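K.L.:
There's a structure below that I have some questions on.
The values are calculated or read from the model by the stated rules, or taken from the named source; none is laboratory data. On a predicted model such as this, the values are computed, not experimentally measured, just so you know. Here the Cβ positions follow ideal geometry from the backbone for every residue, glycine too, while neighbour counts run over all protein chains shown. Quick note on the areas: whole protein, heavy atoms, side chains included, nothing else; ligands and nucleic acids left out. Shrake-Rupley method; radii C 1.70, N 1.55, O 1.52, S 1.80 Å.
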Amino acid sequence: MAKNDVNGHVRGQALFWLAQKAGMKAAVAISEAIANDPDTQVKKHAVFALSHLPKDEGVPLLIKVARTNSIPAVRKQATFWLGQTNDPRALAFFEEVLSH
């Protein structure tokens with residue numbers, strides 16, 4: 001459903017629940033959705049799903065999205081969720097971004 005449902009809302013919800021239940025296995029599917037889904041809303045839902053993975057898995061992926069995604073709204077979403085983590089890696093990312 002996360003990859004193939006015609007409804008973007010359904011794909012986004014499937015990604016969220018995948019993160020809740022599948023852990024690291026979900027990270028691959030969620031990252032693929034961020035990279036490949038044509039719907040920006042689905043990409044944003046996928047970023048939200050990354051924020052619900054365990055921190056050791058989700059934070060590095062959120063940083064990657066915040067650094068590299070071509071869609072500003074998706075980068076913004078990743079940056080927002082990084083700010084909610086209280087993780088030292090997120091703080092280091094913000095320090096780096098703000099120092100440039």
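K.L.:
With a 1.4 Å probe and every protein chain left in place, tell me how much accessible area Val6 has, in Å² to the nearest 10.
P.N.:
Val6 exposes around 140 Å² with every protein chain in place.
K.L.:
Any idea of Thr68's accessible area? Nearest 10 Å², probe 1.4 Å.
P.N.:
Approximately 90 Å² of Thr68 is accessible to the 1.4 Å probe.
K.L.:
Which value, in Å² rounded to 10, gives the accessible area of Arg67 with a 1.4 Å probe and all protein chains present?
P.N.:
Here the residue's solvent-accessible area equals roughly 120 Å².
K.L.:
Okay, moving on. Quick one: if the Förster radius is 22 Å, what FRET efficiency do Met1 and His52 give, using the C-beta to C-beta distance and rounding to 0.05?
P.N.:
Using R0 = 22 Å, I get an efficiency of 0.80.
K.L.:
Then there is this: Report, to the nearest 10°, how far helix 40-50 tilts away from the longest principal axis of the Cα atoms in the chain, using its own Cα long axis and a range of 0 to 90°.
P.N.:
In the chain, helix 40-50 runs at an angle near 70 degrees to the longest axis.
K.L.:
Sticking with this structure for a sec: Roughly speaking, what is the centre-to-centre gap between the range 75-100 and the range 1-15 when only Cα atoms are used, to the nearest Å?
P.N.:
Distance between centres, Cα-based: 27 Å.
K.L.:
What value, in deg cm²/dmol to 500, does the helix sum -39500 (n - 2.57) over DSSP H runs of n ≥ 4 give at 222 nm once divided by the residues of the chain?
P.N.:
Details: 6 runs with 76 residues, N = 100.
Rounded to the nearest 500, the figure is -24000 deg cm²/dmol.
K.L.:
Can you give the angle from 0 to 90° between the axis of helix 24-36 and the longest principal axis of the chain, with both taken from C-alpha atoms, to the nearest 10?
P.N.:
90
K.L.:
Here's a follow-up. Does the range 50-100 come out rounded, prolate or oblate by the C-alpha gyration tensor, with a ≥ b ≥ c the root eigenvalues, rounded set by a/c under 1.5 and, if not, prolate when a/b is larger than b/c and oblate if not?
P.N.:
Because a/c hits 1.5 or more and a/b fails to exceed b/c, the range 50-100 counts as oblate.
K.L.:
Whenever you get a sec, compute what percent of the accessible area on the range 23-100 sits on carbon and sulfur atoms (1.4 Å probe). Write down the numbers at each step before the final one.
P.N.:
Values: 2570 of 4370 Å².
Carbon and sulfur: 59 percent of the exposed surface of the range 23-100.
K.L.:
Related question: So, for the chain, what is the accessible surface per residue at a probe of 1.4 Å, expressed in square angstrom?
P.N.:
On the way: 5870 Å² over 100 residues.
Roughly 59 Å² per residue, with all protein chains present.
K.L.:
In addition: What's the angle, to the nearest 10 degrees (0 to 90), between helix 72-83's Cα axis and the longest principal axis of the chain?
P.N.:
60
K.L.:
Mind running the shape call on the range 15-100? Use the C-alpha gyration tensor, a ≥ b ≥ c as the square roots of the eigenvalues: rounded below 1.5 for a/c, prolate if a/b tops b/c, oblate otherwise. Write down the numbers at each step before the final one.
P.N.:
On the way: a/c = 2.21, a/b = 1.29, b/c = 1.71.
Oblate is the answer for the range 15-100, as a/c is 1.5 or above yet b/c matches or exceeds a/b.
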